[in-house]
1. Assess whether residue 64 counts as being at positive phi and modelled with pLDDT of 95 or more.
2. How many residues, within region 68-77, are outside any strand (DSSP E or B) and either surrounded by 10 or more Cβ atoms within 10 Å (Cβ to Cβ) or touching a Phe, Trp or Tyr at 6+ places or on another chain (Cβ under 6 Å) (or both)?
3. I'd like to verify a number: residues in region 86-106 that are outside any strand (DSSP E or B) and closer than 13 Å to residue 60 by Cα, how many?
Amino acid sequence: MGKEIKPPRIRISRRIKKDKVIKVKVKFNHPSFTGLAMADDASEPVFNRVKPVTFIRNMLVYYGDELVSRLRISSGISDDPLFTFKLKATKEADIKVVFIDNFGKKWEASKKVKFNG
């Protein structure tokens, strides 16, 4: 992994009304690699683990202090994934998203839900 992995970014609407459903987008620039690659292109195709496996294993979503969603992700995920989900805005609180990779390293981001309508 040559490049530095930066924290995820969350986008939500600026106009949020109480008890309305909002769309949450989370972008995370994280590489994903299954570890399998061609050992030698010149000879018979042979796959082996030439690089370490790296991918996002879990995504946890908190609304305030409550865990509202948990995703278990496989190595088949793309590089730099974009997740989109809906959430009912019942209170003014932080939406926090935590990503955990297959090595146990964590990244998180949060955004405050504020009502203005």
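1. Numbers: at positive phi: yes; modelled with pLDDT of 95 or more: yes.
Against the criterion (at positive phi and modelled with pLDDT of 95 or more), residue 64 qualifies.
2. So the first thing to find is which residues in region 68-77 are outside any strand (DSSP E or B), and the list is 73-77.
Imposing the further condition that a residue be either surrounded by 10 or more Cβ atoms within 10 Å (Cβ to Cβ) or touching a Phe, Trp or Tyr at 6+ places or on another chain (Cβ under 6 Å) (or both) reduces the set to 73-75, 77.
Matching residues across region 68-77 total 4.
3. From region 86-106, those outside any strand (DSSP E or B) are 90-93, 102-105; that's our starting set.
Checking which are closer than 13 Å to residue 60 by Cα leaves us with none.
Final tally of qualifying residues: 0.
Table: residues versus (1) at pLDDT below 95; (2) more than 16 Å from the chain's Cα centre (by Cα); (3) within 15 Å of residue 111 (Cα to Cα).
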residue	(1), (2), (3)
19	no, yes, no
58	no, no, no
79	yes, no, no
82	no, no, no
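The values are calculated or read from the model by the stated rules, or taken from the named source; none is laboratory data. Treat the numbers as computed from the prediction; the structure is a model and nothing was measured. Using ideal geometry, Cβ is built from the backbone for each residue, glycine included, and neighbour counts are taken over all protein chains shown.
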